Every structure is written in structure tokens, then in C-alpha cells.
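Report on the following structure.
FYI, it's all coordinate maths here, none of it is from the lab. Keep in mind the model is a prediction, meaning the values are calculated, not measured. Glycine gets a Cβ as well: all are built from the backbone with ideal geometry, and neighbour counts include every protein chain shown.
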Amino acid sequence: MSTSGTRVLPLGRIGESVLRADGRPKVRGEFAYASDLGADRMLWGATLRSPHPSARIRGIDITRALTLSGVHAVLTHADVPGRTTYGMEISDQPVLAIDRVRYEGEPVAIVAADHPETARRAIERIVVDYLPEDPLTDPERAIMPGAPRLHPGGNLLRRVTIRHGDPGATAEVVVRGEYAVGMQDQAFLGPEAALAVPAEDGGIDLHVATQWLHVDQGQVAACLGLPPSLTRLHLSGVGGAFGGREDLSMQVHVAMLALHTGRPVKMVYSREESFFGHVHRHPARMEYEHGADRDGRLVYVRARVVLDGGAYASSSTAVVANAATFACGPYDVPNAEVEAIVTYTNNPPCGAMRGFGAVQVAFGHESQMDRLAAELALDPIEIRLRNALATGMRLPTGQLVDGPAPVRELLEGLRDMPLPPDVVPVDPREFPGGVSNSTHGEGTRRGVGVAVGFKNIAFAEGFDDYSTARVRISRDDGGPLVEIHTAAAEVGQGLETVLAQIARTELSLERVRVLPADTQVGSAGSTSASRQTWMTGGAVQLACARLRERLHEAIDGPIEETAVYRHRPTQALDPDTGQGDSLVALAFAAHRAVCDVDVELGIVRAVEIATTQDVGRVMNPLALEGQIHGGIAQGLGLALMEEIQMEEGRVRNASFTDYLMPTVLDMPQVRMRISETPHPHAPYGLNGVGEMPTIASTPAIVAAVRDASGRPLTRVPLRPSDIAGV
Amino acid sequence: MVRRQGPRRRILPLLEATLQPRDLADALAARGAHPTALPLAGGTDLMVEINFDRRRPERILDLSRIAELAGWDREGDELVIGAGVTHARLEGEMGGLAPGLGMAARTIGSPQIRNRGTIGGNIATSSPAGDALPPLVAAGARVELASATASRSVPISEFCTGPKRNVMAPDELITAVRVPVAQGPQQFAKVGPRNAMVIAVCSLSVHLDAVARTVRTAIGSAAPTIVRATEAEAFMEGVLDERGAWERPGPLPASALARFGELVAAAARPIDDVRGSAAYRRHALAVLGRRTLSWCWQEHRA
């Protein structure tokens, strides 16, 4: 593909680098995010959160908050009009804490006041009588005898066991390893925000930054005790999501306050509050055993994965299924035994984040492949080639890989890409440490690492995953106008641009407008699982195809079609054997990292990431390039710095001062080679792209740092002290 | 109707209570009249604290418009740097006069932070992680304090008394810092897990004075205040004297550099915190000690 971002072809059709409409306003600070919305007579909401990771609540006294001038409402769990709990998969999370809190930062009470500062002061005047208890913070201890039960059904959220082939398989060469992944945060830049406006019909209009309007709508309506038809959601400007906006945050709270006061109410989380306001990536502990023959061909993989689900279920039960399904990596594994569990603890709830369970195990399986390569003195790419998954093989779940699985091609492509020159930097910022001036080359060694990863596209295990699009053609003074109405959330990834490209391509009409997303049209499903271009793109394509048949009618007046796109059905995994055709499709990417490492100080500078990725069909080269850069940055962050540090159930670094993400000086040059193997089941043969850059980039970087430092490095993010061996 | 809102209102009540003196005399008078007003120059520390709701000042004393604080000059063997001089200017303008200070300023925050943040603010915040502080301590700088009625000069090493604590009286402001002009090579290095925009896990300044034949050090982020490694300094001065190295600068033995690094590390009193362990800080200081001294010495020999 061409990676020149400036080449914009005039037609705006698929395959072109069409510029996004929101790009310029965002760069200029003119884009309206959810936090920028306002309304007449608007009040400001604020949330009282638990200071304890675990405590009983013996009473809540709101009197002193209510008497503060300017305060219009102080609400607790007793004021929740409908269902008192919510949750995407299991309704276990109280809208407001009832008789106990299970994590630090859990919402306990909410306030509406005439000024945000008044609301904050009112929060401080609420007296909660807590009886703190020792937090349960170890996900493995959570299911041992004697552990306190955090939920009525016990602490085991889900166990997924996959048995494939011969459980007694033995091998000539065996490598074992234990690995750990810290708690990464989505760290989107636009904090949670919403504006709720009470309507005359007794309903509510909720303007919110979210990933999935309809799943919010269902939960919000139930908690408000309103029919969904009176719970109207409107997508407002979303400043990044990465999975962190799949669960509700303030949606019910702000709507409760608006309905209670009869006035518009707005809530915006602060940066610190945002760390407590959404789920994080599951921390993981993994034990692996790989058996291979002398040629390096895998005989078996045994893996045990423990995920910390935190205080509430969120999407844990799906994440753990992914962790199990992908635990062995994109390889031909004749015999596998995988156990993955996720448990409740008093740590922050964990849920969806880009890569969704595949990220954690990729660090495990790729570290193991490197161990195996070292044991057999094989090149890391060679060992992967000898085991590469291909079309026609079966996954450990028994599912036939019937779509493209170009693992071999991606690895060979990576091998063919030249290495960056190893020269002493002229710019001192190019030494490890960058502007910190900590080395002029002393202690610095270069390392190279490779990794390959994969993940499924769209939802799995029998979920009825669909998307709806309404497309209308009308005519005004400017000629024919196409309007696309969906509930699909543009969260910054460029979906609106690609939907418009699809409509132009299908209808050969130039003027296309993407209407604001809301719940006045059917669900588009979630903006997650790398699924929206496939699913909502598919729905738009379908609606346009139907309109194309009726174009002659457009002379007489507007024509409109609503189409629902479904991917092929999937099955749940068998609860005993973990077998089943649970996945829609797979996507793959490989990464090679070159890092300069100051091995004495343990400081890393990534020099270059080379990546090969198969995308089925390039829909928008510029947007694709952006997704790949961003995903690699997030993978780099997990490898080297991004971690919510926990101590006894408390977050130690809820700020961007101490939760570090890569800066432009940390982000290396990216060299990419994109291939297009058409996916037989997808519109245009496309495949999902958003998550794959995040999966193998982390283990590739760690492998490079291992290569430079010679240390085993079994935990991410790598700490300087680990690399330096202090 | 839902609409796009105008500018953020969160800070509005603060702005209504902001004092904005136009010259130093007005500022000192305002400081005397409102000792609880919070002095704010670039705001790069204080606005974070206010936005995180860790601090709710009743009033703000805005020092950003005071021309007398915004310049620097050379007076004989000293630089007089106004409290309002930004990190960006230190980075760009100190050159050979105070190279260590310029290097340290380069490591602070982002370009935006360096454009706003000031040396006076860094001193007043008195964080052990304040990156401008180690080069000032190593240089033996003095902090110029003034009130409406008096002024005084305090050595920087006596100014900071603990983490975010200092000797400034409620009616005083920092007007300037006096920094001796460099008489030899200076280096500043810090360690953090990110290649820019990172708070120091630890940092080190090393200054050579080829005229006075001294070695000066200052350690950041590894004790309650910036501390000197006086034993390391004395050791290296001894090595240099003994070898006649000031007159005949030859290469320094690796063992001497290593010993210097060890003594630097031994002078630190680090803690375990969210940014790093005490053991790693000691280790890193030993490495930085070795490296920064060797860079200074290479430059001296050149």
C-alpha cells in the first residue's frame, strides 16, 4: 500500500486516503467533546466515591450536603428508581453502593448543584459510616478456602478449560515459564462526560461519550425504571475509548439527577476521577509449558492463566474466553491443555481494552517461543515459521481456520525488511533516556525481537452480533444527498469517514453526510472487537445496494432503506472441553522491534518497529496507518511504562504525572508492510485492523530488550530496575 | 437546547480573586497585605494541584506580569536570574555561563511546560524532584528574597528545608537567584522510565571548577531535599590533586570514577515510592556519578 498520507484522491471512495471530517477541528481545539456540551439552566453533577477498597456501609448522612446553598439534589442507592444494579454480562454492579463497597473509588452518592465547585463541596459534606475490612487483592487467593466471598455466587467469575488432542503428550524439548502482566489503562484523553436533559414526555435525552449506545440504553432504562423508548441516547464527541467506555460510568447517575431536579445535568470526570471511573486491562499471571521435538515443532502447550477481574464482572467472562482461546498463539498446536480463570477481588474492576485477553497471553506465548528458540538455538523467526498457523488447520478449540491465516507470509515479510542502521546517534535525544542525558552511549546495547499475534474479529461464543444502518437519498439545491444514520460510535478511529466512503462507492454519489449517532435507529453493536468497519460498514453497504435498485424512484422524492448486517453465527465453548466454533474470523499481525537499551540504568529507547499485517482490504490507507501507529504506541506503553500500580487495593498513580504513556520521543519509526488477503466472509473482503497492532508489539519489544540485556524479563511493563537487574 | 459550551468555568471563582500586580513593589505590597494569597508564576505546579483539588487557594497572586522578575543579567562573576525567567529561556540562553542549569531546564516537562514554568516557581515549590534545583545547589547559588520592608539572600542549600518546605516567610517573594558563572564543565543527568516529560526517579549535577579546583555535586529526587555528596567531592578533589591532574589533565582511572559513583550513591537517602525503589535509585546514582564526572573531565581535557 502507499503510506503517503497526503495523497487524497478526488472520489472519496474506498481504498483512498480520505481525510476525516473531524481531523481539522480536533487539531484546532474546536471539536465539541462530551465535556464541552452545555444547556440552559444546567446543573453540575459530582460523585462521592469510596476511599476504601473494601468496607461495610453502616449509614449515609446527606443532611449537611443538602443544606449547602446551591445544591439541588443529593442521591444515594435508595433513590435509584429502577433496578439497583447493572452490568453488561452480569448485573452485579450497584448503581450506587448499597450496603458495602468493593473497590476504592466505587460511587456511593451523587450530587447536583449550580456550580461544579459547589457540587464538589457538597460531596465533602456527605458523611458515610464505613466499617473498613481487609481487602482481598490476590486473584488466586480469592478462590482458596477461607477467602471472603465478595459476591453471592462466590469469587470465581469464570473458568475456561480447553482440552485438545492428547493430554498425556510428551516431548523431547520442554521449556517452562511464568509471566505477569500489570494493569494497563485505556488512558483516553477525553475524560468521561455526559449531559442529561429531562424531556417533557417524562423521558430523558442523554448525550454521552460511549462505545455502544444501545447497551447503555438498555442498562440505563432498567435502572431508571423507564421504557427504552423514553431513554434516548445521543453520541457526543468521544475523546478515545479503547474499551474503557463499554461499561456504564456516569450514565445512570447523571440521568437520575436530571430526572430528580427536572433540569439538565452535566457530569465531567477529572483526570484523577477518570482512573476510578472506568475498567482497566486485566492484570494476568501465566504459567506455560511448551513441548517440542528437536526440530522445534510444537508437540504440546500447557497453560494456566489467572486474570484479576476486580470488584465487578464487566466483560471478564468474555475476556477470559479470549485469553484461553488465544493462549497457544497463532501456531499449529497438536495437543493443548489450557485453563484460564478470572476471579473477583477488591481491586478495580477490569474489562475491555484493545486486544481483549489476547494481549496478555501474547506476552506469554511469544516469550515461550523465544525460550524454545533459545533452547534449540534456532532463529526466533524460524521457530515461528516451523509452527505457523495456516488456513485449513484447527485451533485448540477445534474450530477450523477457514479464513486467511497468513502467519508464514507475515513472518517472511518481516524477515525481508531491512534492519535500521546501527550508528551512534548524532542527536543526543536518540540515546536511551532521551532528553534526560543519562548516557552518551555508555552501557548501551542494541537488541532485536520479533513476535506474532492474532485475535478474533467481532463478538464470539454465540452472541447475536449485528449492526443496523439507515441510508436515505434525497435531493436539494446541491443535487443528490446521501444521509447515513447509524448508532455506531465514532470514538476517534475514523468510522464516519469509512462509512461515507462505502456509500460513495456503492451509490456513485459524492455528497454523503453521516448523521449524529443515536438510539433512534437500531443497534450498531459496540465500537470494539475491531468490528465496526466490517459490521456497520456491511450494513451501510447492504442498505446502499438496496437503494441502488430503487434509484429510479429517487426522481419522485427521497428514498430510504434500513439494513441489518449479521456475521455468521458462532457457538459457545463447551464448558468442559472448551471446544466449539466460537469465532467469526481471525486477524494477524507480526512485529519486529529494534531497541537500544542502557543495560546499566535499565532505560530503553525503541529505535524502530517493523510490522506486517494482513487487513483483507485497505479501506483508507491513511486511517489504517494511524490505527497501526496508535496500536503500536499502546503496545509500547504496556511493554515499557503503562501500569496502574496497586497497593492493598489502592491506586497509587491516578494521574498522567505517574501513569506514563509514550511521548513522541519514545515512539519509534514504524516501518509497515500491509498485505490484502481478501476475507471470504466480509464486505469487500476486508478484515478488522484496530486491535492487532497492540498485541504482538509488546512481546516484540520485550524480546528486543531481553536480547540487549540478557535478562529473562518475565513481567510487563518492564521496570528499569528489572532491566538493570537491581 | 443542547449546545456547545463556551470556555471552561471551573477556574472562574479563582480568577475573580486574583491579584495582578504590575510591578515588583505592588507585588510585595500585595503579598504583605494578603499573606494567604498563593503566588503563581507559570502555574505549572500549582494549576495541577488546583485541578486535582489538592489545594483551594482563597486568592491567587499572579506574578506573571512583573517585568522586573522576567529578565537575567550578569553582574561580575554572578548571574542574576529573575524569578520569572522560564525554563525555555534557561535552556536557550544560559550557554556556557551556567551550562548545568541549561541542561537541567531541557529535561523539564514538555515544551509547553518549559514555556510557562519559571525558575522561581521551581525553587518556591521546593520539591526534591525540582530539576532546576540540583544545578543551583552544585553551583552554590543564593536565593534573593524580598518583602515590602526588607530583603535577604539565602544559600539555596539552606532555602529548602524538606519536601516542598522552605524558609520563605508569608510576606516574602523570590525575586531572583544568584548563580556563580561556571568556571569549568558542568553536567546534569536524570533517570526516568520515559525519554521525555518524566519526573526524575533520581538526578545528579556534577560541576567542576577549574579555577578553584573543586568538584561539586547535587543529588535530586533521592533525599528529602537536594543533597550534596560531599565525600564524593572530597575524594575526587583528592584524586585530582594527587595526580596533578588539574595541571596535566590525563584520563581518570576507572577505579576512581567507580569510587566516586559509589560515594555519590552513599550520600543519597532514597525511599521506595511509586516511581522507583531506593535500591534502584542508589544504583542509578552510582552509574550517573561515574558517567557525569567522566563527561565533565573529558570536556575539561578537551
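On the principal axes of its alpha-carbon atoms, region A:643-726 has extents of 51, 33, 25 Å, going from largest to smallest. For region A:63-91, list residues with backbone N below 14 Å from a point placed 7 Å from the Cα of residue A:133 toward its Cβ? Under cut-off, by backbone N: nothing. Counting only other chain Cβ atoms within 10 Å of each residue's Cβ, the peptide A:714-720 averages 2. Inter-chain Cβ neighbour count for B:195-206, averaged per residue, equals 5 (cutoff 10 Å, partner chain atoms only). Taking the inverse of the mean 1/r over every pair of distinct Cα atoms in region A:364-442 gives a Kirkwood hydrodynamic radius of 16.0 Å.
Straight distance only, please: which lysines reach the Cα of residue B:164 with their own Cα at less than 25 Å, same-chain residues fewer than 8 apart left out? Correct list for residue B:164: B:190. Its Cα centre serving as origin, chain A has a Cβ charge dipole (Lys and Arg +1, Asp and Glu -1) of approximately 340 debye. With the helix formula -39500 (n - 2.57) applied to DSSP H stretches of n ≥ 4, chain A reaches a computed 222 nm mean residue ellipticity of -7000 deg cm²/dmol. In units of the rule-of-thumb radius 2.2 N^0.38 Å, region B:14-115 shows an alpha carbon radius of gyration of 1.20.
For the pair residue A:24 and residue A:115, the difference between a 0.36 nm per residue extended length and the Cα-Cα distance amounts to 29.6 nm. Subtracting the Cα-Cα distance of residue B:258 and residue B:49 from their residue separation scaled by 0.36 nm leaves 71.2 nm. Remark on the protein assembly as shown: ratio of C-alpha radius of gyration to 2.2 N^0.38 Å is 0.99.
For the residues of A:641-650, the average number of beta carbons from a partner chain within 10 Å of their own beta carbon is 1. Amide H contacts of residue B:197 (H built 1.01 Å from N, in plane; Pro and chain starts excluded): B:109 sit under 5 Å, all sequence-distant by 5 or more or on other chains. Using only the Cα atoms of region A:540-606, build the gyration tensor, take square roots of its eigenvalues as a ≥ b ≥ c, and label the shape rounded, prolate or oblate: rounded if a/c is under 1.5, else prolate if a/b is larger than b/c, else oblate. Judged from the Cα gyration tensor, region A:540-606 comes out oblate (a/c at least 1.5, b/c at or above a/b). Residues of region A:434-467 with an amide N closer than 15 Å to a point placed 7 Å from the Cα of residue A:379 along the Cα-to-Cβ direction: A:448-451.
Take every Cα pair under 8 Å whose residues are at least 6 apart in sequence, average their separation, divide by the length of region A:617-726, and the relative contact order is 39 percent.
The local environment of residue A:507, defined by Cβ-Cβ distances under 15 Å, has a net charge of +3 under the rule Lys, Arg +1 and Asp, Glu -1.
Taking Lys and Arg as +1 and Asp and Glu as -1, the other residues whose beta-carbon sits under 11 Å from that of residue A:242 total 0.
Starting from the Cα gyration tensor of chain B, take the square roots of the eigenvalues, sort them a ≥ b ≥ c, and report rounded, prolate or oblate (rounded when a/c is under 1.5, otherwise prolate if a/b is larger than b/c, else oblate). The shape class here is prolate. Amide H contacts for residue A:672 (H built 1.01 Å from N in the peptide plane; partners 5 or more residues away or on another chain; cut-off under 5 Å): A:611. Fewest neighbouring Cβ atoms within 10 Å first, the residues A:508, A:528, A:721 line up as A:508, A:721, A:528. The convex hull drawn around the Cα atoms of region A:82-124, when projected onto a plane and averaged over every direction, covers 4.2 nm². Under the criterion of Cα pairs below 8 Å and six or more residues apart, the relative contact order for chain A equals 16 percent.
Look at the alpha carbon pairs under 8 Å that are at least 6 residues apart: their mean separation over the length of region A:185-261 gives a relative contact order of 41 percent. Comparing B:195, B:166, B:115 in a Gaussian network model of chain B (Cα springs below 10 Å), the most mobile by mean-square fluctuation is B:195.
Divide the volume of the convex hull around the Cα atoms of region A:549-666 by the residue count and you get 302 Å³ per residue. Peptide packing for A:657-669, A:469-481 was compared via the average number of neighbouring C-beta atoms within 10 Å per residue; ordered from the highest value, the list is A:657-669, A:469-481. For a Förster distance of 41 Å, can you work out the FRET efficiency between the beta-carbons of residue A:83 and residue A:553, rounded to the nearest 0.05? About 0.35, to the nearest 0.05.
Ordering A:77-85, A:393-401, A:606-614, A:95-103 by mean Cβ neighbour count within 10 Å, with the highest value first, yields A:606-614, A:95-103, A:393-401, A:77-85. What the Cα atoms of region B:149-253 give is an Rg and a Dmax of 17.1, 54 Å. If you take all other residues with their beta carbon under 14 Å from the beta carbon of residue B:267, and give Lys and Arg +1 and Asp and Glu -1, the sum is +3.
The distance from the alpha carbon centre of region A:574-613 to that of region A:645-697 is 10 Å, rounded to a whole number.
The spacing between region A:26-62 and region B:49-119, judged by their C-alpha centroids, is 35 Å. According to the calculation over all Cα-Cα pairs in region B:67-180, the P(r) per 5 Å bin from zero is 2, 13, 24, 28, 20, 10, 3, 0 %. Label sites at residue B:161 and residue B:234, each approximated as a point 7 angstrom past Cα along Cα to Cβ, lie 2.7 nm apart. Comparing Cα centroids, region B:218-261 and region A:70-123 end up 59 angstrom apart.
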